[in-house]
Number of protein chains: 2
Amino acid sequence: MRLGALEAGGTKMVCAVGNEHGEIVDRISIPTETPEITVPKLISYFAEKEIEALGIGCFGPIDLNRNSKTYGCITTTPKLAWKNYNMAGTFKEALHIPVGFDTDVNGSALGEATWGITKGLENSMYITVGTGVGAGIIANGKVLHGMLHPEGGHLLLAKHPKDTFEGTCPYHKNCLEGLAAGPAIEARWGKKGFELADRSEVWELEAYYIAQALVDYIMVLSPQRIVLGGGVMHQEHLLPLVREEVKRQLAGYIETTELDHIEQYIVLPSLNDNQGIMGALKLGLDEYQLEKIG
Amino acid sequence: MRLGALEAGGTKMVCAVGNEHGEIVDRISIPTETPEITVPKLISYFAEKEIEALGIGCFGPIDLNRNSKTYGCITTTPKLAWKNYNMAGTFKEALHIPVGFDTDVNGSALGEATWGITKGLENSMYITVGTGVGAGIIANGKVLHGMLHPEGGHLLLAKHPKDTFEGTCPYHKNCLEGLAAGPAIEARWGKKGFELADRSEVWELEAYYIAQALVDYIMVLSPQRIVLGGGVMHQEHLLPLVREEVKRQLAGYIETTELDHIEQYIVLPSLNDNQGIMGALKLGLDEYQLEKIG
């Protein structure tokens, strides 16, 4: 069957057509401007593709509560043009097909869990460390929403004793995103991450914060595997540092087979940066099955 | 139907008989000594009660992986006499009935979710702050195990700038349990919690750490309600401080109806300290249904 997928990000919208096997047959990318400018372009792309359902992985925060009047809307985002925009509802009304809707990182977590490196695991996580930090979670076999949805990038962390940087998050002085996302690296060191590739102190500190967050995720969620994606993880020397630092900070408190093989436990994405768009396909497929089959 | 329930703690074993409605008809408490001394007493209690299944909520860490050779065992506990003890297997062999097995705090989370204040919610948490700190989690409608099981007491926290106390945890200098459990209060202030009831600085610091952990749980899990139990929470002035401090540390980043009514969001247990033993009944019931009905 033909499925549409939309990865809705703050800077670009990736639209694709694929099928229930996760195969993508067409794709375009459109810059994110205002809903008035951008959404008609997205709708006209999908309208002529004869898709039977659409899945949307969307930047947040978003309302995922199906009993809520604002289900399917973007809520308190700092991208003001999109604040309170009814994302799922607009596409459902325009295309007359089932529209699945979740966070962008839950989409990536679902993509990896359906066709990638966390396939077959009931409990896994996908974390992106880039312009922001986000966490998507599969718990007991399903994407996790709860009261709202995970906001794992705003986990509060202990500052490194030598780090005097104040953090970039306007809400929290010591959250993961504010201390370790791309903009925090640039603000702390005065250069972009890729320009700092040979500065070991940059990546040791980065590993310290990412690892501390991973330790906390392990203590709370006990995922069976953790996937670390996003632009910052393109620094290839970072992942081994994170693994080492996770072991150091766990300090032997938890002993599992998974942690004994940490290079298979904390891993990079496996779907060639298609995890998000493939996850959106699965969101569309799941919504189709929910509406048509029940 | 008649169900057995065992709440296995480090200082005492609570045994009860009840039914599938959570009603308890008989109960005894036996001190926790070694398995050789204690377990025969537990077995002889249950053996004559004509129960059809037994549920055990057990101190940990424990092995909950049904595919593991050591499923049902206590694993790396500092209570050395119980290390590697096959808890579930011993009772199953002696009583020839289905034996459900989970952590003590998952048991309490399940008790509250089945008959208490989190009934009907797909996502909730039960946290105990007492001699130790533990977290039980219901995620997507089921108790959460994952790779091992949650160890939420060992969440790493940012120290309060004025707190010079080193923490009591032998593994982590700044985990929740080491900074905020009963023994940490006593070690930091030189007196037990109940002797410090009128010292506001004690409870402000305690609220600071518990609230920080709750903020992190909210960022990761997004529970629909959080139940705070355990001996430390018997200080009645603590809960309002925790609620205030959660709001302060969240700093408005997350806006939900639940957080707007925080006195209904962060709550005390509702089952008169029977949440653990009632949860164990439910563990027994669930295992019976799994084995007999499938």
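Only the coordinates and a few stated rules stand behind these numbers; no lab work does. Bear in mind that the values here come from a model prediction, so they are computed numbers and not experimental data. Cβ coordinates were reconstructed from backbone atoms using ideal geometry, including for glycine residues, and neighbour counts include every protein chain displayed.
The table for this structure:
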| item | result |
| --- | --- |
| Residue check for B:Val232: more than 14 Å from chain A (Cβ to nearest Cβ) and closer than 20 Å to A:Gly146 by Cβ | no |
| Condition broken by A:Asp273, with the remaining ones in (1) surrounded by fewer than 20 Cβ atoms within 10 Å (Cβ to Cβ); (2) in contact with a Phe, Trp or Tyr (Cβ under 8 Å, 6 or more places away or on another chain) satisfied | (2) |
| Condition broken by A:Ile28, with the remaining ones in (1) out of contact with any Cys (no Cβ under 6 Å at 6 or more places or on another chain); (2) loosely packed, with under 14 Cβ neighbours inside 10 Å; (3) not small (Gly, Ala, Ser) satisfied | (1) |
| Flag for B:Cys175 being farther than 24 Å from B:Leu110 by Cα and in contact with a His (Cβ under 6 Å, 6 or more places away or on another chain) | yes |
| Search result, residues across the stretch A:1-34 that are of a type in the set (Ser, Thr, Tyr) and out of contact with any helix residue (DSSP H, G or I) (no Cβ under 8 Å at 6 or more places or on another chain) | A:Thr11, A:Ser29 |
| Set B:Ala187, B:Ala197: member being surrounded by fewer than 20 Cβ atoms within 10 Å (Cβ to Cβ), touching a Ser or Thr at 6+ places or on another chain (Cβ under 7 Å), more than 14 Å from every other protein chain (Cβ to nearest Cβ) and not charged (D, E, K, R) | B:Ala187 |
| Single match in B:Ala81, B:Ala88 (criterion: away from chain A (no Cβ under 14 Å) and surrounded by fewer than 17 Cβ atoms within 10 Å (Cβ to Cβ)) | B:Ala81 |
| Matching entry among A:Glu166, A:Glu236 (being in a loop (DSSP other than H, G, I, E, B), under 22 Å from the mean Cα position of the chain (by Cα) and exposed (fewer than 15 other Cβ atoms within 10 Å of the Cβ)) | A:Glu236 |
| Flag for B:Met125 being within 14 Å of the chain's Cα centre (by Cα) and surrounded by 22 or more Cβ atoms within 10 Å (Cβ to Cβ) | yes |
| Scope the stretch A:237-254; condition in contact with a strand residue (DSSP E or B) (Cβ under 8 Å, 6 or more places away or on another chain) and either within 12 Å of chain B (Cβ to nearest Cβ) or aliphatic (A, V, I, L, M) (or both); matching residues | A:Leu239, A:Val242, A:Val246, A:Gln249 |
| Index of the failed condition, A:Thr257 passing every other in (1) among the β-branched types (Val, Ile, Thr); (2) within 11 Å of chain B (Cβ to nearest Cβ); (3) surrounded by fewer than 20 Cβ atoms within 10 Å (Cβ to Cβ); (4) under 18 Å from the mean Cα position of the chain (by Cα) | (4) |
| A:Pro223 within 11 Å of another protein chain (Cβ to nearest Cβ) and farther than 28 Å from A:Glu263 by Cβ | no |
| Within the stretch A:92-142, tally of residues that are on the phi > 0 side of the Ramachandran plot and within 13 Å of chain B (Cβ to nearest Cβ) | 3 |
